[in-house]
1. Where residues in the stretch 165-197 are open to solvent by less than 40 Å² (accessible area, probe 1.4 Å) and part of a loop (DSSP other than H, G, I, E, B), which of them is farthest from ARG14 (Cα to Cα)?
2. Just to be sure, is ALA90 farther than 15 Å from GLY10 by Cβ, in a strand (DSSP E or B) and open to solvent by 40 Å² or more (accessible area, probe 1.4 Å)?
3. Does at least one position in the stretch 65-87 carry a residue that is part of a helix (DSSP H, G or I) and within 25 Å of MET226 (Cβ to Cβ)?
4. Between ALA250, ALA271, ALA246, which is farther than 29 Å from ASP213 by Cβ, open to solvent by less than 20 Å² (accessible area, probe 1.4 Å) and modelled with pLDDT of 95 or more?
5. Among the residues of the stretch 50-84, how many are among the β-branched types (Val, Ile, Thr) and closer than 21 Å to VAL119 by Cβ?
6. Among the candidates ASP282, ASP219, ASP210, single out the residue that is at pLDDT below 95, among the acidic types (Asp, Glu) and open to solvent by less than 30 Å² (accessible area, probe 1.4 Å).
7. Restricting attention to helices (runs of 4 or more DSSP H) lying wholly within the stretch 212-287, give those where 1 or more residues are within 17 Å of ALA114 (Cβ to Cβ).
8. Of all residues in the stretch 1-27, count the ones that are more than 17 Å from the chain's Cα centre (by Cα) and open to solvent by 40 Å² or more (accessible area, probe 1.4 Å).
Amino acid sequence: MRIAITGGNGNLARKLIAGLGAEPWCEALVALDRRFDPIEPPAHASLACIEADLRDGGDRRWRDALASVDAVIHLAAQNPYPEADWTDSALSFDMTALLATAAAGSGVRRFVFASSNHVMGGYKETDIAVTPGALTEALPPLPGTRWRHDGGSSDSTPYAVAKLMGERLCCTLAARDGMTAVALRIGWCQPGENHPSTISGSGTPHSRLDAMDETDRRDLAWFRGMWLSNRDLVGVFAAALRADPAGWPAPGIVVNAVSGNAGMAWSMARAATLLGFVPADDAMRVLGEADDLPRF
């Protein structure tokens, strides 16, 4: 398989380049971004890094790259963080629309869109958040997560709405144009080691976790329940690229993508049924190895 990865200079892309690029079924990777820092070549697949602007529909560099691949992983965004404002999020959706439409017209067979848990972030304030396995893909979307921090509070609604609209666009194009698509509602995969102990109740890494009140503990459970390990990140994207769509309910599907974190609200049943993916890691098991860390 030949795979294009947008946002190729970013945290998730670099982990996927290393992980997917070591698989014998992955022949070539084409990383697309506006600029690149040095990237270590993957163990098996060839790697081409192409500087291009996905915001520019006339940029032949990324359009020509699509003609050479079987599948696309779309990670790029104007602002890839939940703090993105409406201007950033509108540009991110424009980018998704340009890329997905071009992919559907270029013979790409599989389009994997990096959506986000934030599409369902409104459930954080409901009883579903504390009901293991209750947060399924069949629930109505409730975009936007609210979280507290030292500067006050934040709300990811603009970021989440762009992801939700991206999901719907990819599924619509798949139904219309013969391309298959998977929108993965990915959780929290931090840069580097990505240990769950650095996720906090404030929704930001490396914040203080002591002196927590009941709201803080509830928030901590929500955010740690979103943890996606480095191994499971590669595993769920590999499954999304390779799954047989014959048993899917439609050519485009939406699937939760987190690790198997004990007690979490997120259901991973659909990922197992439609993609054949079962998480290997569990935040609670990892945290259990360090007795001085607070639990949720």
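The values are calculated or read from the model by the stated rules, or taken from the named source; none is laboratory data. Predicted model, so just to flag it, every value in this text is computed and none were measured. FYI the Cβ positions are ideal-geometry reconstructions off the backbone, even for glycines, and counts take in every protein chain you see. These area figures cover heavy atoms from the full protein model, side chains too; ligands, DNA and RNA do not enter into them. Shrake-Rupley method; radii C 1.70, N 1.55, O 1.52, S 1.80 Å.
1. Going through the qualifying residues, I end up with MET179.
2. In short, no.
3. Yes: the stretch 65-87 contains one or more residues that are part of a helix (DSSP H, G or I) and within 25 Å of MET226 (Cβ to Cβ).
4. Values: ALA250 fails: open to solvent by less than 20 Å² (accessible area, probe 1.4 Å); ALA246 fails: open to solvent by less than 20 Å² (accessible area, probe 1.4 Å).
When all the criteria are applied, what remains is ALA271.
5. 2
6. ASP219
7. Values: elements: 214-225, 230-242, 283-287.
Counting at least 1 such residues, we get 230-242.
8. 7
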